[in-house]
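The values are calculated or read from the model by the stated rules, or taken from the named source; none is laboratory data. Predicted model, so just to flag it, every value in this text is computed and none were measured. So basically every Cβ, Gly included, is an ideal-geometry build from the backbone, and we count neighbours across all protein chains shown. Areas reflect the complete protein model, heavy atoms only, side chains present, ligands, DNA and RNA absent. Shrake-Rupley method; radii C 1.70, N 1.55, O 1.52, S 1.80 Å.
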Amino acid sequence: MQHSYLDKYSSLNSAIHKADPRLKILVALFFVLSILLTNSGSLLEFALYGVIIASLVIASRVPPLFILKRSLMIIPFVVLISLFLLFDRTGLSAEHSGRVLFRGIVIKSYLAILVLILLSSTTPFPSLLQGLQRLKISKVFILLLSFMYRYIFILADEAMRLTRGKRSREFGAGKWRQIKSTAPLIGILFIRTYEKGERAYSAMCSRGFDGTIRTFNTINLRMAEILVGFALITIIVLVKIFSNSHAL
Amino acid sequence: MHIPDGFLDPKTILLCYGISVGWIAVALKRTKGKLGEKMVPLMGVMGAFIFAAQMFNFPIAGGTSGHLLGSFLAALLLGVWEGSTVMAAVVIIQCLVFQDGGLLSLGANLLNIAILGAISGLWIVKLSSLTSLSKKMFLFACGTGAWLSVVVPAAACAGELGLSGVAPWKTTLVAMTVIHALIGVVEAIITILIIVVIDKIRPDLLRISATTS
C-alpha cells in the first residue's frame, strides 16, 4: 500500500491531535460558520481569524508548508467565480461592489479550507468517524463510511496496477485507443470490487457479523479539553464583537 | 463542481442541508428495509470503487485529461437510493479527507453530486427498460443518462450560487451548463464503454440493479 500520505500528519502527537474528535468537529464547524458570517469588507476580522488559525497550526506541529500546498485546492473554483463576476455584474447585492464581494468570498473560502485542513490533518479518519458517531450520525452510514475508507487504499492500488499494465502494453498509442482501452479497466475493476465485497461480507457473516460493529470507546472528553474548546469559541466570538464595534 | 465554503449564504446552506439529510435518511431506511445489513459492506466497497475509478485518467484535447465522475454509474449499478447513498459517502470523504468542497457547503455538494447526479440520469434508462429496446438503444439511454448526471448538477450548482447572491444567475447558468455539456460527453463515452465490458463479463450485475430498484 502506497497511499498513507492521505492523512500523513494526523498521527502526530500534539495537544490538538489528542483532543476529543467531537470537540474538534464542533469547534471547526463553529469557526467556519463565523468566518462565513463575516461582513465581506471587514478585513480586520479576517486578519484576526488568520492569526487564530496560524497559532493553531503552530500548536498542532503540522508543517505549515503542507497546509499551504493543500489549501491551493480552492483555486479552480475561485477562478471560475471571478470569471462570472468579470463578465456580468448585474444582479449582485447592492451593498457591496463586485470587487469587495469577490475579495470577501475568496478570503472566506481560503480561511475555511485552512480550518478544514487543520481538522483533517490533526484527526485520523477512524477517530473522526468515531466522533461523528458519538454526535448521533446514523450508525449504518458511519459503517458505510468506514468500510469505504478501508477499501479505498486497496482499490487505489489495484487501479494503479491496472493502469501500469495498460501503459506498458500500449506505449504511445493514440488518444481514442487509450480511451477505449482504459474504460474497460474500470469495468473490470467494478467486477473485481463487487466480488471482493461479496467475499468480505460472507467472511464477516461466518465470523458472526450481525450488522453492528462494536468498537472500544477510546474517546473520552476531559474537562481541560472542554475548557480549551470553550476558550477557542469565546475568542472567536470576541473577535467578531471587537471587529464589528471597530468598524462602526 | 465541489463548492468550497464561503460561496453560499446561510439560507442556501440550510436549504441544501435540509434536502440532502432528509434524502439520505430516507435512502438509508429503504436500503436497510430491503436487503438488511448485507448491502452495507457491498455499498462501502462500491464507494471505494468510485474513488478508484476516478483515478483513471482519460486524455482529452490538448494536454488536458479527465476522469469519470460516476454518479450515474453508481445509480445504474446499485439503484437510485443505494447509488445516491454511496455517492454521498464519496462526497463526504472527499470533503473530510481531501478538502474537496467545504464543510458548510457539504449539503449543497451532496444535493448536486450525490442526489441530483443519481436521479437525473437514471429515469431515462428506467423508461427505456419498460419497452424492450435493443442493446444499442439501451447503451444510448445510458450515455444520455450519464450526460444528464453531469449537466443537471452543474446547473443546480449555478442555481445555488445565484440563490446566494454570489454570482449573477444567467451568466453562471449558461457558463456552467456549456462547460459541463462538454464534460458530460466524455462521461457518457466512458460510461458506455464501462457498461459494455460489464455486460460482456457479468451481465447479471447489470440486470439485478435494473430490476430490483
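Things worth noting here:
- Checked against the criterion of being in contact with a Leu (Cβ under 6 Å, 6 or more places away or on another chain), touching a residue at least 60 places away in the same chain (Cβ under 8 Å) and either more than 10 Å from chain A (Cβ to nearest Cβ) or of a type in the set (Phe, Trp, Tyr) (or both), region B:63-85 has at least one qualifying residue.
- Complete set of residues in region B:46-62 that are free of Cβ contacts under 8 Å to residues at least 12 places away in the same chain and either more than 7 Å from chain A (Cβ to nearest Cβ) or open to solvent by 20 Å² or more (accessible area, probe 1.4 Å) (or both): B:Asn57, B:Pro59, B:Ala61, B:Gly62
- So B:Ala27, is it under 29 Å from A:Leu111 (Cα atoms), of a type in the set (A, V, I, L, M, F, W, C), in contact (Cβ under 8 Å) with a residue 12 or more places away in the chain and facing chain A (nearest Cβ under 10 Å): no
- Any hit, region B:201-208, residues being within 30 Å of A:Ile81 (Cβ to Cβ), within 12 Å of chain A (Cβ to nearest Cβ), surrounded by fewer than 16 Cβ atoms within 10 Å (Cβ to Cβ) and not aliphatic (A, V, I, L, M): no
- Every listed requirement among (1) outside any helix (DSSP H, G or I); (2) surrounded by fewer than 24 Cβ atoms within 10 Å (Cβ to Cβ) is met by B:Leu28 save one, (1).
- Number of the condition not met by B:Val166 [criteria: (1) part of a helix (DSSP H, G or I); (2) at pLDDT below 90]: (1)
- So B:Pro153, is it buried (at least 19 other Cβ atoms within 10 Å of the Cβ) and under 16 Å from the mean Cα position of the chain (by Cα): yes
- Single unsatisfied condition, B:His67 versus (1) farther than 20 Å from A:Ile191 by Cβ; (2) surrounded by fewer than 24 Cβ atoms within 10 Å (Cβ to Cβ): (1)
- Of the criteria (1) of a type outside the set (Lys, Arg); (2) away from chain A (no Cβ under 14 Å); (3) surrounded by fewer than 19 Cβ atoms within 10 Å (Cβ to Cβ); (4) touching a residue at least 12 places away in the same chain (Cβ under 8 Å), which one B:Met137 fails: (4)
- B:Ile92 at the interface with another protein chain (Cβ under 8 Å from one of its Cβ atoms) and in a helix (DSSP H, G or I): yes
- Test: B:Ala141 is assigned to a helix (DSSP H, G or I), at pLDDT 80 or above, touching a Gly at 6+ places or on another chain (Cβ under 7 Å) and farther than 30 Å from A:Leu101 by Cα: no
- Screening A:Leu12 on (1) within 30 Å of A:Tyr151 (Cβ to Cβ); (2) open to solvent by less than 30 Å² (accessible area, probe 1.4 Å) shows it passes everything except condition (2).
- Residues satisfying the stated conditions in region A:167-197, i.e. more than 25 Å from B:Thr64 (Cα to Cα) and either more than 7 Å from chain B (Cβ to nearest Cβ) or in contact with a strand residue (DSSP E or B) (Cβ under 9 Å, 6 or more places away or on another chain) (or both): A:Arg192, A:Glu195
- Pick from region A:140-154, criterion of a type outside the set (S, T, N, Q) and in contact with a Leu (Cβ under 7 Å, 6 or more places away or on another chain), ranking: farthest from the other protein chains (Cβ to nearest Cβ): A:Ile142
- Residue within region A:24-35 that is open to solvent by 20 Å² or more (accessible area, probe 1.4 Å), of a type in the set (Lys, Arg) and either outside the structural domain of A:Arg99 (by TED's automatic domain parsing) or in contact with a strand residue (DSSP E or B) (Cβ under 8 Å, 6 or more places away or on another chain) (or both) present: no
- The condition of being within 14 Å of chain A (Cβ to nearest Cβ) and touching a strand residue (DSSP E or B) at 6+ places or on another chain (Cβ under 6 Å) holds for only one of B:Val166, B:Val178, B:Val186, B:Val174, that being B:Val186.
- Selection from region B:65-89 of residues that are of a type in the set (S, T, N, Q) and part of a strand (DSSP E or B): B:Ser65
- Unmet criterion (only one of (1) over 24 Å from A:Arg192 (Cα atoms); (2) more than 14 Å from chain A (Cβ to nearest Cβ)) for B:Leu110: (2)
- A residue that is at pLDDT below 85 and more than 14 Å from the chain's Cα centre (by Cα) occurs nowhere in region B:103-114.
- Inside region A:36-65, residues that are within 14 Å of chain B (Cβ to nearest Cβ) and loosely packed, with under 14 Cβ neighbours inside 10 Å make up a count of 1.
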